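For reference, the structure is listed below as C-alpha cells.
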Amino acid sequence: MPKERYLRLGELLVKEGLIRPDQLEKAISVQKQEGGRLGEVLVKLGMVKEDQVVTVLGKQLGIPYFSLGTGMLKPAVDQGLETLISQEFAFKNSVLPLSRTLRSLTVAMSDPLDLILIDNLRKVTNCEINPVIATRSDIAKAIEQFYGKTAIFREAMEASYDISAVVGEPETADEELSLDRLIARAEEAPVVKLVDLIIRQAIDERASDIHIEPFKDKISLRYRIDGKLYEIPPPAKHLHLPIISRIKILAKLDIAEKRLPQDGSILVKMGERPIDLRISTIPTIYGEKVVLRILDRSQVVLDLGRLGFDPGQLELMRKAVNAPYGLVFLTGPTGSGKTTTLYAILNEIKSPTKNIITIEDPVEYKLEGINQVQIKPEIGLTFAAALRSFLRQDPDVMLVGEVRDMETAQICIRSALTGHLVLSTLHTNDAPSAVNRLIDIGVESYLLGPSLLLVVAQRLLRKLCPDCKEAYEPTAEQLKNIKLKAELIYRPKGCQKCNQLGYKGRTCVSEVMVVNSQIQDLINQRSPFQKIREVARQTGMQTLYESSLKQVEEGITSLEEALSVTLGAEE
C-alpha cells in the first residue's frame, strides 16, 4: 500500500488524541526498519489498540466497523457461505463472509484497501464484494466459531436416520436393562461415529478434558486445552441421550442408572498411542453431564529437567529428593501439575538399589520398576492402611498421592523420621502455607520441623505460541506495581498452528522452600505462615509471582497469563 496512506492514518490517530506526534515518528522509524503496516507497528509497540486503529481507519474510508462484541461479526448460517469461501482461504487472508444478497457478498476484512484480495474474492465467489472492516484478531475468532470444529460433526450428521432407532424410549423395564440390545443399537447408529469424532478431535487438539452438558434447549460441548475451557459447536439437543449411552457402554457403566454419579474408564488407541479416558457422570436437572479426562501417556514429559523449573530451583529439588530420608511436599490446586512432577522425580531417582512404593488415587501412569498401589476405600485400602503395610515392605522411597487426614500425615512424618524418603502432595496456595496446613490437621510441630526437607508450590502457565507471538512495549498502566527488566514483552496473536488461541502447551512456575534451621525454629514455635514466608524469602526463595514474571521477561508467556495464575499467590 502507498506510503501516503500510512501518514494519513498516523495523522488521524494524532488528531483523535490516540497517539502523540513523537510516538508517530518513532513508529514510522520502526516501520522503515522492519517493514509492515503502520497500524500493525503502532499496535505492536503498545501505543494504540487494534480496535482503535480499525475504528479510525473505518472512519477515514467510510467503511463500517464490525466487532465480535457487538454481535455483528456473525455470518448467516443458512446461505452456504462456507462453500463460497473456504476455511483455508479465510484464515490465510483474514476475511470472513457475513451475508449474501443476490450477487452482492458482504465480507469482513482486516485490510479493506487490499484491491488484489478483493479482486480474488470476486473471482472466487462470483459476487460483487461489499467490504466491512474488523480487527484481525476478531476475524480469526469469528472464523473459528463459524467454520471451526463444526466440520467434524457435519460428516456424522449428514447421514439421515431416525434417532429413536438408536436409543429410543424403553418400552419395558426389561428393555431398559437390556445392555446387549442397547449395544447393538448404538453400534448400528451414526452416533457411534459422532462420539469417536468428538474424542478424536479432542485428542488431536491436545485437550485434557471433554465436557458434555445438557441444558434446556441445547447441549454444551467444551474442551479444556492448556488449562482453559473452550466452547465447541455442539451436536443437536436430541443427540444427548444417544451420546451419553454410547459413552456409558464403552466405559462399562450402568446405562439404566441416571440418578446417581458413576465413574469408569475407556482405553483407546490412536495409531500406536494408548490413551486412557477417565469417565465421570453426574445427574443434573436437564439430564446427565459427562466429563472425559484424557490421559495421553505419550504426551507426558517425565523428565524433571524439561518441566520448566528454574535451574536454581531444580538444583534444590534434586538435592532434597536424593536425600536418604525426609519429607518432601508438592502443593498447589487441582490441575497444577503436582502428580506429573512427582512421577518425574520418581523417574529420575529410581534405581535397582532402591525399593520404591507408591499409594495413589488413582494410579494415572504406570512406571516400570516401581510398585504402585491403587487405594480402594470400599474394602478398607486407604492411604493410612496402605502406609502401615508399606513400612513392613522394607521401602527406601514412599510416594503418597495426597495427605488428607491426620493419620496419613502422622505416618508420613514418622516414616521420614525413621529413615525413609517420603514424597506427597497438599492443597495449599503457596509453599509456606503447607506448614500451617499440616499443623492444623493435627501434626505436632516438634515432629514436623525435623522431618520436613522441602516444600514446592507450583502452577502451570500457558506458553505463547512460538510461531505467532508478537512483541510489544507495555504501557505504564500495565506496569503499575510491576517491575519488569525487559523493555519489550510478548502477547498472544493466534495462527493456524495454535488453532488461533495464541498459546500452545504449558510450562511450570514454582516456589521452592528449603526447610533450613531458621525455618525449623519457626515451625517449632508454630509461627504464622507470613513469618515463615518472610524468612524463606530472606534466605533466597523465589516466589511464584517472581517466577512467573521471569517467564514473561523471557518471552515464554504473556503478562496477562502470569498475573491471572499467580497474582493471588503473591498477595
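Restricting attention to the range 8-26, the residues that are modelled with pLDDT of 75 or more and in contact with a Gly (Cβ under 8 Å, 6 or more places away or on another chain) total 2. For the subset of the range 400-444 comprising residues that are in a strand (DSSP E or B) and either open to solvent by 10 Å² or more (accessible area, probe 1.4 Å) or hydroxyl-bearing (Ser, Thr, Tyr) (or both), which member is nearest to residue 323 (Cα to Cα)? So the residue we want is 424.
Is there a residue in the range 290-305 that is closer than 24 Å to residue 457 by Cβ, open to solvent by less than 70 Å² (accessible area, probe 1.4 Å) and either charged (D, E, K, R) or touching a Cys at 6+ places or on another chain (Cβ under 8 Å) (or both)? There is at least one residue in the range 290-305 that is closer than 24 Å to residue 457 by Cβ, open to solvent by less than 70 Å² (accessible area, probe 1.4 Å) and either charged (D, E, K, R) or touching a Cys at 6+ places or on another chain (Cβ under 8 Å) (or both). The residue list 463, 469 contains one member that is over 26 Å from residue 333 (Cα atoms) and either touching a Phe, Trp or Tyr at 6+ places or on another chain (Cβ under 7 Å) or surrounded by fewer than 21 Cβ atoms within 10 Å (Cβ to Cβ) (or both), which is 469.
The lone criterion from (1) open to solvent by 20 Å² or more (accessible area, probe 1.4 Å); (2) more than 30 Å from residue 87 (Cα to Cα); (3) touching a Phe, Trp or Tyr at 6+ places or on another chain (Cβ under 7 Å) left unmet by residue 455 is number (1).
Reported count of residues in the range 72-97, each being among the hydrophobic types (A, V, I, L, M, F, W, C), under 18 Å from residue 122 (Cβ atoms) and open to solvent by less than 20 Å² (accessible area, probe 1.4 Å), is 5. Scanning the range 191-237 for residues being in contact (Cβ under 8 Å) with a residue 40 or more places away in the chain, open to solvent by less than 50 Å² (accessible area, probe 1.4 Å) and part of a strand (DSSP E or B) gives a total of 10.
Which residue is least open to solvent (accessible area, probe 1.4 Å), if the candidates are limited to the range 522-570 and must be more than 30 Å from residue 46 (Cα to Cα), of a type in the set (S, T, N, Q) and outside any helix (DSSP H, G or I)? Across the range 522-570, the extreme among qualifying residues is 527.
So which of 248, 269 ends up being surrounded by fewer than 16 Cβ atoms within 10 Å (Cβ to Cβ), free of Cβ contacts under 8 Å to residues at least 60 places away in the same chain and out of contact with any Gly (no Cβ under 7 Å at 6 or more places or on another chain)?
269
Take the residues of the range 416-467 that are among the small types (Gly, Ala, Ser) and within 22 Å of residue 318 (Cβ to Cβ): which is nearest to the chain's Cα centre (by Cα)? Here the residue is 457.
Among all residues of the range 27-37, there is none that is within 19 Å of residue 133 (Cα to Cα) and at pLDDT 75 or above.
The values are calculated or read from the model by the stated rules, or taken from the named source; none is laboratory data. Treat the numbers as computed from the prediction; the structure is a model and nothing was measured. Glycine gets a Cβ as well: all are built from the backbone with ideal geometry, and neighbour counts include every protein chain shown. Protein only, heavy atoms only, side chains kept; ligands, DNA and RNA dropped before computing areas. Shrake-Rupley method; radii C 1.70, N 1.55, O 1.52, S 1.80 Å.
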